[in-house]
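Trainee: Just passing along the structure, written as structure tokens.
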Amino acid sequence: MSAADELDPASSLYAWLAYDLRFYRQKRGITGTQVGKIIHCVRSHVSNLEAGRACIDLDQARALDKAWETGGHFERLLTFARSLHSPDWFRQTIEYEVMAKVLRIYQGQIIPVPLQTAGYARAGLSMARVNDIEKALAERMARQELITGREDHPLIMILLDQDALDRPVVGPDVMSAQLQRLLELGERPRISIRIIARSAGWHLGLNGPFQVMSLERRDVAYTSAFHGGRLVQDPTEVREIALDFELIGAKALSEGDSRALIEQIMKEFA
């Protein structure tokens, strides 16, 4: 059974898009090569689209609607998928984190989950009014272990606002231990931690935290929001988010200067 055969169109709107692409193609009795001519790509890419490993862009959706006279079906479905949260975004995001070859994370207000100490994570969960804190903490630490606890963990590139370091969201002992953890992780050759100093002023990251996950064959992204977030799989939108990461990084300190700033802030919590 192929990946396209196993795809569940009810699992997400993007899966529905992939399913319908194959369904409409087979209903018309045409090949992947013929579909490729409509949306200007090779047959192998059509196979990836039908398996859900990639997603059509807006121009391709419109080309399909025009060629197959769907009344705008593919464009509407793609627009809807982009605008709404995936019903299973959290599970999918964690799976992508584990599979990623490269993780690029920007966070402005708090320490990202892969870098949190248990004490810092517990404090954050308690302020989030989680019912079972110990259960949530165990799940968070297990998630972290799958990312940074492996010898073959992905290349992790972190951009952090200074606010995440010196805002006393928890007690000084917990904050000091958390900053020490950042220093320890920053010594690993496959983890880069860079700080955007407050003096850098306005930058694109102030619009909200996000991360880009580079998988073997494609990139996906996750953008955070109050009381939720959105898993982004559209290639064009993911590229724009990845570019935002680079532009934010242009305002960040070097790894060495970032380390010095973390050490300086640690002394303030002593």
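The values are calculated or read from the model by the stated rules, or taken from the named source; none is laboratory data. These figures come from a predicted structure and were not determined experimentally. Note that we place each Cβ from the backbone using ideal geometry, even for glycine, and neighbour counts take in every protein chain shown. Note: accessible area is taken over every heavy atom of the protein model, side chains too, but ligands, DNA and RNA are not part of it. Shrake-Rupley method; radii C 1.70, N 1.55, O 1.52, S 1.80 Å.
Trainee: When segment 26-35 is examined, which residues are found to be assigned to a loop (DSSP other than H, G, I, E, B) and open to solvent by 80 Å² or more (accessible area, probe 1.4 Å)?
Mentor: Just the residues of segment 26-35 that are assigned to a loop (DSSP other than H, G, I, E, B), to begin with: 28-31.
Correct list: R28 only.
Trainee: Considering segment 55-72 alone, what residues qualify as being farther than 20 Å from R218 by Cβ and either in contact with a strand residue (DSSP E or B) (Cβ under 6 Å, 6 or more places away or on another chain) or not hydrophobic (A, V, I, L, M, F, W, C) (or both)?
Mentor: Result: R62, D65, K66, E69, T70, G71, G72.
Trainee: Condition first: open to solvent by 30 Å² or more (accessible area, probe 1.4 Å), hydrophobic (A, V, I, L, M, F, W, C) and either in contact with a Cys (Cβ under 8 Å, 6 or more places away or on another chain) or closer than 20 Å to D219 by Cα (or both). Now tell me which residues in segment 85-139 satisfy that.
Mentor: W89, F90, I94, V98, M99, V102, listed by residue number.
Trainee: Please work out which one of (1) open to solvent by 30 Å² or more (accessible area, probe 1.4 Å); (2) at pLDDT 90 or above is the condition G149 fails and give its number.
Mentor: (2)
Trainee: Okay, moving on. Identify all residues within segment 44-67 that are surrounded by 13 or more Cβ atoms within 10 Å (Cβ to Cβ) and acidic (D, E); write none if there are none. Steps first, answer last, please.
Mentor: In the first step, residues of segment 44-67 are kept if they are surrounded by 13 or more Cβ atoms within 10 Å (Cβ to Cβ); the result is 45-58, 60-67.
The answer is E50, D57, D65.
Trainee: Okay, next question. Can C41 be described as in contact with an Asp or Glu (Cβ under 6 Å, 6 or more places away or on another chain) and either closer than 22 Å to R217 by Cβ or open to solvent by 60 Å² or more (accessible area, probe 1.4 Å) (or both)? Talk me through it step by step, then tell me what you get.
Mentor: On the way: in contact with an Asp or Glu (Cβ under 6 Å, 6 or more places away or on another chain): no; either closer than 22 Å to R217 by Cβ or open to solvent by 60 Å² or more (accessible area, probe 1.4 Å) (or both): yes.
No.
Trainee: Another question, then. Would you point out which residue out of I110, I94, I105, I38 is part of a loop (DSSP other than H, G, I, E, B) and either modelled with pLDDT of 90 or more or of a type in the set (V, I, T) (or both)?
Mentor: On the way: I94 fails: part of a loop (DSSP other than H, G, I, E, B); I105 fails: part of a loop (DSSP other than H, G, I, E, B); I38 fails: part of a loop (DSSP other than H, G, I, E, B).
It is I110.
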